[in-house]
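S.K.: Sending over a structure as structure tokens; questions will come in a sec.
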Amino acid sequence: MDSDVRLVPWGEDDFWLLRRTNGPEMTEHLGGPESEEKLAGRHRRYLELDPAAGRMYRVVLADGGETVGSVGFWEREWRDGTVWETGWAVLPEFQGRGLAARAARAVIEEARAAGRHRWLHAWPKVTHTASNGVCERAGFTLLGPVEFEYPKGHRITCHDWRFDLSGEDG
């Protein structure tokens, strides 16, 4: 795990972090803020996630333990099989310090340790410069643009970034 950050498994008391990452500036590339009801459902899904199917974490600074954001990985059907998908959010006051890339590298290790799947993907919107930069700094390989429906009813173009958890090239 990256020495500057620690990943702490998502807990019952972490709902505040979903609220903090739900503002317009944090969700502009994700279709905008979610309702309180949708946030509560997301929180419940994070808590009930079967560890074999992925995990969510709070990202905390190794020195001091201050929460800076969230990161996780979960299963997703993609093309011809099941892969891990990852995503992250860093609170505005901590952005621009490389913490998202450190958290992404830490979650790569967690997904690798979980076994199950060879590939970890991230699909940031092509216009989301910061998240695409995180993928590059964390060691993902850019495969190219893909179309997604997210949120439901809204077509977006994302970059497909992939990390080979097996350590093999390919």
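Throughout, read-outs are computed from the coordinates displayed, never taken from laboratory work. In this text, all values refer to a predicted model and were calculated from it rather than measured experimentally. For neighbour counting, all protein chains shown are included, and Cβ atoms are generated from backbone atoms with ideal geometry for every residue, glycine included.
S.K.: In whole Å, what are the extents of the chain along the principal axes defined by its C-alpha atoms, from largest to smallest?
M.R.: 39, 39, 32
S.K.: Right, next: Report relative contact order for region 77-121 in percent, whole number only (criteria: Cα-Cα under 8 Å, sequence separation at least 6).
M.R.: Once normalised by length, the contact order is 56 percent.
S.K.: Might you report the magnitude of the Cβ-based charge dipole of region 5-164 about its Cα centre, with Lys and Arg at +1 and Asp and Glu at -1, to the nearest 20 debye?
M.R.: 260 debye
S.K.: Taking R0 as 30 Å, what FRET efficiency do you get between Glu25 and Val146 from their Cβ-Cβ distance, rounded to the nearest 0.05?
M.R.: Computed FRET efficiency for Glu25 and Val146 comes out at 0.75.
S.K.: What order, most packed first, do the peptides 55-65, 8-18, 83-93, 143-153 have when packing is the mean number of other Cβ atoms within 10 Å of each residue?
M.R.: Peptide ranking by packing, descending: 83-93, 55-65, 8-18, 143-153.
S.K.: Would you work out the relative contact order for region 61-165, in percent, from Cα pairs under 8 angstrom that are 6 or more residues apart?
M.R.: Taking the mean separation of contacting Cα pairs over the length of region 61-165, I get 23 percent.
S.K.: Kindly provide the helix-only [θ] at 222 nm of the chain, computed as the sum of -39,500 (n - 2.57) over DSSP H runs of four or more divided by all residues, to the nearest 500 deg cm²/dmol?
M.R.: Theoretical 222 nm ellipticity from helices: -8500 deg cm²/dmol.
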